[in-house]
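Following: one structure in structure tokens, then a few remarks.
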Amino acid sequence: MAVLIKKDTPITFKLTSDGTKSTTNLTVKAGASSQEAVIVEGFKVAGTGLSKVNATTVEDWLNAFPSNAVSFNVKRNTTGTTYSFSILLKGLSDGNYYLYVAAWNSSNSSQRVVAFNWTSVKITTVAPAPPPSGGGGGAAPPSIPPPPTPTPTPTPTPEEEVVYSEVVTIEENVEVSLEIPQEKAEEIGVLSLTITVQDSMNLEVMISKLESLPPEVPEPPAGKVYRYVEITFRNNDTGEEVEPSGYIEFKVPKSWVEESGHDPENVVLMKYRDGWIELKTEKTGEDENSYYYRAETGSFSVFAIAVKAVTPAVTPTPAKTSAIVTPTPTYTPAVTPAKTPTPTPEETPAPPEKPSLWKSPWIWLAIVLAAIVVIVTYWSMRKE
């Protein structure tokens with residue numbers, strides 16, 4: 001941020017208090033402006049806590065100055081690793097000014113202003129040189145060039161813009177709801193936080209709107225992302241990071257959901273912690289302009305308000321209906337090749353049977369006659 005403030009601007013400070021911490025306030029009014037800027041509210045710097053001042057806080061203070069006595073710019077021009085500002089001088093009155101340049105390291109919750117520089121400059125309105133007269137009376141006196149504007153100190157580019165921060169006193173294991181101011185909620189989409197911590201402490205909460213993801217964080221596996229935010233907590237007394245659990249209430253414009261052609265029931269809050277996690281998200285309501293949601297988380301980190309990546313259902317192409325004809329096989333009898341008859345070996349005729357001598361009647365006749373001869377001879381010999 002770069003700011004020009006006129007030196008001789010009358011500034012009125014007003015401190016009010018009824019003797020208690022919560023009612024002690026400090027306001028400032030510049031010149032004849034009717035608007036007061038709250039510097040300290042209840043011992044908190046513009047409601048952000050004594051340890052936190054960001055560009056948004058300073059803008060709120062500068063709004064109390066007359067428009068012809070202050071000019072500021074939070075946009076920067078980038079050339080390589082060099083960052084420069086251009087401040088609009090139109091409308092500023094001539095005179096001496098203070099030029100302030102400051103930078104915040106929003107990516108590190110333990111750091112605040114990391115670069116600051118100031119110097120004095122003078123603004124003088126220079127009238128254009130009159131054209132030369134036709135009588136040749138000589139050249140017009142040269143105009144006095146304005147003093148060079150000092151080059152602001154290059155400042156690092158913050159990777160995120162802190163939109164809301166606050167320090168609250170919280171008791172252990174007591175659920176606390178933090179309502180985000182409406183103008184901040186419109187910018188980041190987060191409406192409220194409900195948190196619980198395990199120890200009593202002065203807890204600082206910081207919500208940042210990320211213009212882009214850090215290099216080490218990949219794109220989430222979502223259909224479309226509406227916004228990236230980072231929510232961090234730390235113990236304001238010790239500087240240590242704290243990991244509460246709780247709920248996040250957020251909203252999404254209906255125009256974004258409907259123009260993108262998405263179903264509002266598919267809006268989800270995703271958290272990055274060693275990978276993207278889809279949190280349990282429920283739609284709690286809607287009005288004319290927005291859909292409202294509530295998501296549960298066990299810790300806080302980088303979040304993406306997105307639409308679920310819905311894989312379109314693949315409708316199978318119906319198969320063409322056709323009668324399935326089972327062909328009837330044609331029976332072809334197997335042709336058994338004729339067997340070559342095995343030649344039967346010719347039977348060798350048995351040799352003719354030799355005639356038996358006993359089967360001849362003549363043999364028997366001869367035997368009988370011989371027996372008769374023997375018997376007759378025997379009886380003849382006995383008679384002698």
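The values are calculated or read from the model by the stated rules, or taken from the named source; none is laboratory data. What you see is a predicted model; the values in this text were computed from it and never measured. Don't worry about glycine lacking a Cβ; one is built from the backbone with ideal geometry, like all the others, and counts go over all protein chains shown.
Consider segment 275-290. How many of its residues are assigned to a strand (DSSP E or B) and touching a residue at least 24 places away in the same chain (Cβ under 8 Å)?
Within segment 275-290, residues that are assigned to a strand (DSSP E or B) and touching a residue at least 24 places away in the same chain (Cβ under 8 Å) number 5.
Any chance you could count how many residues in segment 221-252 are in contact with a strand residue (DSSP E or B) (Cβ under 9 Å, 6 or more places away or on another chain) and outside any strand (DSSP E or B)?
Of the residues in that region, 8 qualify.
Residues in segment 145-153: is at least one surrounded by 10 or more Cβ atoms within 10 Å (Cβ to Cβ), among the hydroxyl-bearing types (Ser, Thr, Tyr) and modelled with pLDDT of 85 or more?
So far as segment 145-153 goes, no, none of its residues is surrounded by 10 or more Cβ atoms within 10 Å (Cβ to Cβ), among the hydroxyl-bearing types (Ser, Thr, Tyr) and modelled with pLDDT of 85 or more.
Being touching a Gly at 6+ places or on another chain (Cβ under 7 Å), farther than 30 Å from residue 178 by Cα and modelled with pLDDT of 65 or more narrows it down to one of 309, 370, so name that one.
The match here is 309.
If you go through segment 338-347 one residue at a time, do you hit one that is at pLDDT 90 or above, basic (Lys, Arg) and not in a strand (DSSP E or B)?
Checked against the condition, which is being at pLDDT 90 or above, basic (Lys, Arg) and not in a strand (DSSP E or B), segment 338-347 yields no hits at all.
Return the residues of segment 175-191 that are more than 19 Å from residue 243 (Cβ to Cβ) and not acidic (Asp, Glu); say none if nothing qualifies.
180, 181, 182, 184, 185, 188, 189, 191
Restricted to segment 180-214, and to residues that are in a loop (DSSP other than H, G, I, E, B) and β-branched (Val, Ile, Thr), which residue is nearest to residue 228 (Cα to Cα)?
Ranking the candidates gives 180 first.
Only one of 200, 177 is modelled with pLDDT of 90 or more, within 18 Å of residue 296 (Cα to Cα) and small (Gly, Ala, Ser); which?
177
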